[in-house]
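Since every read-out is calculated from the coordinates, none of them should be taken as a lab result. The structure presented is a predicted model; accordingly, all values stated were derived computationally and were not measured. Here the Cβ positions follow ideal geometry from the backbone for every residue, glycine too, while neighbour counts run over all protein chains shown.
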Amino acid sequence: MVLDRTKAELRLFGRRHSAIDPQSLCSHLDLLVGTVVGEVIVNSLETRLGREDGGWMRQTHPQASVRDLIDELIEGDLVSGIGITKVVLPGDPKEPIRIEIWNPVVKGEKGSAKSFLFSWWCGALVSILGRELEVRAVQYDEKANTIRCEITPRQIA
């Protein structure tokens, strides 16, 4: 993360960012177009942004390990206010990657809120790991204020 006070710019993964209320954005989008369409729209956007950010990480840190790159992305979630993220990589690439975010900025198991958090991670991991993936099994635990998912190899129909 780079904060340039002379330009009033916050840069994360080489891209300019600003503070918004993503829960409000997701809720409003779902009201406007419905949860299914909202989820599709945000999934498309966040997957593309995740792929770009993951590609940028690979390009700017060519010698970094997969774990080092993921740790940088986790740090990005922390400093940008997304939440406190934990990523568990399995030993077998056929097994799901588990992602858990404590105190997530957006809460929800469906609609645009679901896609806001995990589609970005899916896109970033596609760029870092070099294989097609998809988000599965999103669960929000209100009591623990934790949202989790599995990112699995994409099933070709």
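Annotations for the structure displayed:
- Distance between modelled label sites at D21 and N145, nm, 7 Å Cα→Cβ extension: 1.8 nm
- Computed [θ] at 222 nm, deg cm²/dmol, the chain (DSSP H ≥ 4; -39,500 (n - 2.57); rounded to nearest 500): -15500 deg cm²/dmol
- Cα shape, segment 2-153, gyration tensor, a/c 1.5 rule: oblate
- Burial ordering of D141, D92, D53, fewest other beta-carbon atoms within 10 Å first: D92, D141, D53
- Net charge of the neighbourhood of T152, taken over other residues with C-beta under 9 Å away and scored Lys/Arg +1, Asp/Glu -1, is 0.
- Taking all Cα pairs closer than 8 Å and separated by 6 or more residues, the relative contact order of the chain comes to 26 percent.
- Helical segments meeting 18 Å axial Cα length and Kyte-Doolittle 1.0 threshold in the chain (DSSP H): 111-129
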